[in-house]
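Read-outs: derived from the displayed coordinates by stated rules, not from any lab. What you see is a predicted model, and the numbers here were worked out from it, not measured in a lab. Heads up, the Cβs are rebuilt from the backbone with ideal geometry, glycines too, and the neighbour counts pull from every protein chain shown.
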C-alpha cells in the first residue's frame, strides 16, 4: 500500500485528536500541529494551572493525545494561546477574546502553510478558524486542501433561527444568540470555498452545505462514533416517567418547545430533568417548575447519575451538527426523542430505538412523550435497541472510515 503524508492542524480544541489518531492508525499521519499541548516530558508546568484553579488544571491535562508520540506533534505560538485560554475564562473579556482569537488563528494558519509546503505533504486537514488563510498561503499547489467542519454553515443556522423565532414569544426571542455577523459568516464560507474537500459529521451538516450550492462531490460525511458504556441502568422503573435533557438551557437548543410540550401534557406522571448551564432568564422558566427539575451546570462526572435514572432522553435542538449527548444517552440504553436538525438523528430509527421529529414541532413532541407514558414497556425495549445501536457504531469504526476516506481523497485527487 502506497504511503502518504497528511498533516492535521487545529489551533484549539481536542476534537482534532480523533482525526490524528485515525490517520496514525491508518498509516497516513505525518504531523499533528496545534498550539497548547501537554507533551509527556513537560507535565511540570501544569502546576501553574493548579494554583489558578483545579478545574483549569483538569482541563489542561486533557490537552494530550496518548496515541501520539511527542515527536509527531508540532506546536506554534504556545504562550499567546495560553493567554487566550485564560482570557476566554473571563466573560467580561469576550470581545477581546474574539479579536485575539482571530488574529492568532490567522498567524497559526500562515505557519502551518509554510510548514506543510516545506515538508511537501500530500494533504493538509485544517480545523477551527482561518483554514482559508492556510490554503491561500500554501506554496505547493499539489497539496490537497481539506476543511474538517465540525459545525453547520452559519447562514443556515441564521435561516433556521429566523424561522423558529416566529414561533416563540417576544420575551424568549430576546435570548436568541446565534452567529449573524456577516464577517464571520463570510469567513466560514471562504474556508469552505477555498477547500478542495469538506469533511462533515452528519447528513444534516451536509444539507447546510448543499443549501449553499456546494458541489456534493466535495462533501464527505464521516459520522462520529458513539460512546460505549456497560453500566447497569434503572430504566423502566416504576413511578414517574423521567425525561432527561443534557445541554445548555437556551433558545438554540429548542428548550422553549420542550417546556411547552411538557406544560401541555400537564401530567403528574412525568418529570423533565434539565442538566446544563442556563442562558435563559429565570423568570421565563418559572411557569414550568411544576413539571421540571432544573439541575443547572454540574461537572460531567456527575451527569452520569442522571443518565442512570432517566427513562427517555430528549434533544429538542434547532440545529446541531451532531449532538454528542444523544450518543451518551444511547450508550446507557435510553430511547431517544430528537429533532431532525441534530446530526445524531442519523442513528435513530423511528419506532425502534427512538423517534425523530421536526424541529420546533410541539405537537409531535407531545405525541412521542405520551407514547412512552402510555407504553412503559417500550421504554425498556427501545432502550436496549438504542444501546445496541451505540455498540455497533464505535470510535474504532470511525477511525478506520476516516483514514480510508482520506486515502480515497488523496488517490482520486
* Arranged by the count of other C-beta atoms within 10 angstrom, fewest first, what order do 40, 194 take? -> 40, 194
* Whole Å is fine, so just give me how far the alpha carbon centre of region 67-138 lies from that of region 329-385. => 39
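Using a 10 Å cut-off around each Cβ, can you sort 407, 110, 163 from fewest to most neighbouring Cβ atoms? Walk me through the numbers before you get to the answer.
Details: 407 20, 110 16, 163 12.
Fewest-to-most ranking of 407, 110, 163: 163, 110, 407.
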* Structure fact -> FRET efficiency for residue 88 and residue 381 from the Cβ-Cβ distance with R0 = 45 Å, rounded to 0.05, comes out at 0.55
* Asked: Where a ≥ b ≥ c are the square roots of the eigenvalues of the C-alpha gyration tensor, would you call region 241-391 rounded, which needs a/c under 1.5, or, failing that, prolate if a/b is larger than b/c, or oblate?
  -> rounded
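Please give the length that would be gained between residue 228 and residue 71 if that part of the chain were fully extended, namely 0.36 nm times their separation in residues minus their C-alpha to C-alpha distance (nm, one decimal). Show your work: numbers first, answer last.
Details: separation 157, 0.36 × 157 = 56.52 nm, distance 3.05 nm.
53.5 nm is the gain from fully extending residue 228 to residue 71.
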* Structure fact -> In cubic angstrom per residue, the convex hull of the chain built on its Cα atoms measures 149
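Over the chain, what is the relative contact order in percent, taking alpha-carbon pairs closer than 8 angstrom and at least six residues apart? Display every interim value, and only then the final one.
Details: 729 pairs, mean separation 61.7, N = 413.
Worked out over the chain, it gives 15 percent.
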* **65, 251, 186 arranged by Cβ crowding within 10 Å, fewest neighbours leading** => 186, 65, 251
* With the Cα gyration tensor of region 97-219 giving a ≥ b ≥ c as the square roots of its eigenvalues, does the rule (a/c under 1.5 for rounded; else a/b larger than b/c for prolate; else oblate) give rounded, prolate or oblate? -> oblate
* Label point distance in nm, residue 411-residue 2, each placed 7 Å from Cα along Cα→Cβ -> 0.9
* To do: Relative to the longest principal axis of the C-alpha atoms of the chain, give the angle of the C-alpha long axis of helix 16-25, reported between 0 and 90° and rounded to the nearest 10°.
  => 60
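For Cα pairs less than 8 Å apart in space and 6+ apart in sequence, what is the mean separation divided by the residue count of region 241-391, i.e. the relative contact order in percent?
Once divided by the residue count of region 241-391, the mean separation gives 25 percent.
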